[in-house]
1. Filter the stretch 108-123 down to the residues that are more than 12 Å from the chain's Cα centre (by Cα) and either buried (at least 18 other Cβ atoms within 10 Å of the Cβ) or closer than 16 Å to residue 88 by Cβ (or both) and list them by number.
2. Of all residues in the stretch 72-95, count the ones that are within 18 Å of residue 50 (Cα to Cα), within 14 Å of ligand 3 (Cβ to nearest atom) and in a helix (DSSP H, G or I).
3. What number of residues within the stretch 146-174 satisfy the criterion of being away from ligand 3 (no atom under 16 Å from the Cβ), surrounded by fewer than 18 Cβ atoms within 10 Å (Cβ to Cβ) and farther than 19 Å from residue 38 by Cβ?
4. If we scan the stretch 175-190, do we find a residue that is more than 12 Å from ligand 1 (Cβ to nearest atom), surrounded by fewer than 16 Cβ atoms within 10 Å (Cβ to Cβ) and assigned to a helix (DSSP H, G or I)?
5. Taking residue 8, is it over 24 Å from residue 104 (Cα atoms) and in a helix (DSSP H, G or I)?
6. Any chance the stretch 44-54 includes a residue that's within 16 Å of ligand 2 (Cβ to nearest atom) and in contact (Cβ under 8 Å) with a residue 12 or more places away in the chain?
7. Looking at the stretch 17-41, I want the residues that are farther than 18 Å from residue 168 by Cα and have a partner that is near ligand 3 (Cβ under 10 Å from one of its atoms) with Cβ atoms under 7 Å, at least 6 apart or on another chain. Which pairs are those?
8. In the stretch 103-145, what count of residues is obtained for those that are in a helix (DSSP H, G or I), away from ligand 3 (no atom under 16 Å from the Cβ) and either without any contact (Cβ under 8 Å) to a residue 12 or more places away in the chain or out of contact with any strand residue (DSSP E or B) (no Cβ under 7 Å at 6 or more places or on another chain) (or both)?
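None of the figures in this text is laboratory data; all of them are computed from the coordinates on show. The model shown is predicted, which means the values in this text are computed figures rather than measured ones. Every residue, glycine as well, gets a Cβ built from its backbone with ideal geometry; the counts of neighbours run over all protein chains shown.
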Ligand code: ADP
Ligand code: MG
Ligand code: MG
């Protein structure tokens, strides 16, 4: 079972991963966007780490809701409200139990991804974070490692796609041949989740 401490460790691991990979995320965003995705997420996840430090939120759902709220308020780009909505909706779906199972997390994340598609209007194949999130959440019913691998494959599969949502869609066919920054950061979040589950 996964307790509040597991969720804190996931998000602080994600913050460290985002910090380490920020330059790569920004480089991907400079090819098909405005070169701020790494900086956006670094700022957002630094705020998440800071907000979690006082340990006020101690249940899985509360940790995710608090983190989501930080991302929504601290990140100006499209990704902040989208990731914030993902975590907040997932946290709300988890409710106020002290522990949840991996399958319960997968179910809650499904609600979170639904909220992301509702907010942003993107469906799989539009070359967005949704392309990594949907397969990852499906695979989470199998294992944390399967979710990590599915997210990574989903991110890589955005390379040949033409963007239909977000800033990259303004490029039309010129968005083809580049990996989507948001799908890449989604893969990092699931890599951090698998790493947390292993520790
Ligand atoms: P911005 O584009 O505002 O600068 P970021 O660079 O932080 O924001 O994030 C860009 C990423 O956000 C994209 O690579 C894509 O994955 C994701 N994104 C943008 N618009 C949408 C949308 N409508 N639905 C889902 N994801 C989106
Ligand atoms: Mg950007
Ligand atoms: Mg921007």
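1. 108, 110, 111, 114, 115, 117, 118, 119, 120, 122, listed by residue number.
2. Adding up the residues that qualify gives 3.
3. Of the residues in that region, 8 qualify.
4. No.
5. Spelling it out, it is not the case that residue 8 is over 24 Å from residue 104 (Cα atoms) and in a helix (DSSP H, G or I).
6. Within the stretch 44-54, one or more residues are within 16 Å of ligand 2 (Cβ to nearest atom) and in contact (Cβ under 8 Å) with a residue 12 or more places away in the chain.
7. Once the first residue is farther than 18 Å from residue 168 by Cα and sits in the stretch 17-41, its partners that are near ligand 3 (Cβ under 10 Å from one of its atoms) give 22/39.
8. 28
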